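The structure appears right after this line, and notes come after that.
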Amino acid sequence: MFNALNKDPRQKAIVLFIVKAVFLYIFWFISYDYFIAPHGKLDTYLNYRVATDAGYLLKLAGFEGSTQPGDRQTIVCIRQEEMVGVGNPCNGLELFVLFAGFIICFPGDWKNKWWFILAGSALIHLINVGRTVALALIQFKAPEYLDFNHHYTFTIIVYAFIFLFWIIWTNRYSHLNLLVNTEKTNA
């Protein structure tokens, strides 16, 4: 098996990706559960940031958007009525880590990895803010559709964008294309 890995650079890249991903997942799990979550400041900040940005977009769209603190979340309001809460599962932190973890583990130049992770995380944040605005408007106009859209529609949309960002990374910036192209040239 190890001889095959030495001969096929694609297989070696896949095995290396999996090993890195496992170690990164363990590192994240320990870091979050034992240091980040108990401290709470990062999640609290992200909850506030997503909700505040959503409230600002609602104002730009002509609604009376605002926020208020809630229990373990920040509430997005329209006309001072509570619409949706942004809590730890919805603040985007897991999405940032998932996105960044893939880019870190996948072959590529670190110079490109850093800017791509920062740009991708900013876009994921904007998508999450847009999702929060849409959910607040659904709660305001047609609350019976909130649960379905929260659990299915917007989950699919957010993960589809993350998948698209990964495709862009692998096609434009990763070294995997060099491995595949080198193999084709040598064949």
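So in the range 78-111, with the set limited to residues that are of a type in the set (S, T, N, Q) and within 18 Å of the chain's Cα centre (by Cα), which one is nearest to residue 157 (Cα to Cα)?
91
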>> Looking at 49, 79, 10, 72, can you tell me which residue is of a type in the set (Lys, Arg), under 21 Å from residue 147 (Cα atoms) and either touching a helix residue (DSSP H, G or I) at 6+ places or on another chain (Cβ under 9 Å) or at pLDDT below 95 (or both)?
In response: 72
>> Which numbered condition in (1) modelled with pLDDT under 95; (2) among the hydrophobic types (A, V, I, L, M, F, W, C); (3) closer than 18 Å to residue 165 by Cβ is the only one that residue 93 fails?
In response: (1)
> What residue, of 138, 157, 104, is crowded, with 20+ Cβ neighbours inside 10 Å and of a type outside the set (Lys, Arg)?
Replying inline: 138
> Quick check, is residue 118 surrounded by 13 or more Cβ atoms within 10 Å (Cβ to Cβ), part of a helix (DSSP H, G or I) and at pLDDT 95 or above?
Replying inline: no
> Which residue pairs have Cβ atoms closer than 8 Å, lie 6 or more positions apart in sequence or on different chains, and pair a first residue in the range 52-71 that is loosely packed, with under 15 Cβ neighbours inside 10 Å with a second residue that is in a strand (DSSP E or B) and of a type in the set (Asp, Glu)?
Replying inline: 68/82
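Of the residues 161, 148, only one is of a type in the set (Phe, Trp, Tyr), modelled with pLDDT of 95 or more and within 27 Å of residue 22 (Cβ to Cβ); which? Lay out the reasoning, then the answer.
Numbers: 148 fails: within 27 Å of residue 22 (Cβ to Cβ).
After applying the criteria, what remains is 161.
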>> Any residue at all in the range 122-130 that's at pLDDT 95 or above, surrounded by 15 or more Cβ atoms within 10 Å (Cβ to Cβ) and under 26 Å from residue 14 (Cβ atoms)?
In response: yes
> Checking residue 52 against (1) in a helix (DSSP H, G or I); (2) touching a Lys or Arg at 6+ places or on another chain (Cβ under 8 Å), which test does it fail?
Replying inline: (2)
> In the list 30, 104, 18, which residue meets the criterion of being touching a Leu at 6+ places or on another chain (Cβ under 7 Å), farther than 23 Å from residue 138 by Cβ and assigned to a helix (DSSP H, G or I)?
Replying inline: 104
> Can you name the condition, by its number, that residue 74 falls short on among (1) assigned to a strand (DSSP E or B); (2) out of contact with any Phe, Trp or Tyr (no Cβ under 6 Å at 6 or more places or on another chain); (3) in contact (Cβ under 8 Å) with a residue 24 or more places away in the chain?
Replying inline: (2)
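Residues are listed down the side, and each one gets a yes or a no for (1) of a type in the set (Asp, Glu); (2) under 18 Å from residue 44 (Cα atoms); (3) touching an Asp or Glu at 6+ places or on another chain (Cβ under 9 Å):
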site	(1), (2), (3)
59	no, no, no
69	no, yes, no
74	no, yes, no
80	no, no, yes
84	no, yes, no
137	no, no, no
> For the range 30-51, which residues satisfy the criterion of being within 20 Å of the chain's Cα centre (by Cα), surrounded by fewer than 17 Cβ atoms within 10 Å (Cβ to Cβ) and more than 11 Å from residue 88 (Cβ to Cβ)?
Replying inline: 30, 31, 33, 41, 45, 48
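The values are calculated or read from the model by the stated rules, or taken from the named source; none is laboratory data. Keep in mind the model is a prediction, meaning the values are calculated, not measured. Counting neighbours? That spans all protein chains shown, and the Cβs are built from the backbone with ideal geometry, glycine included.
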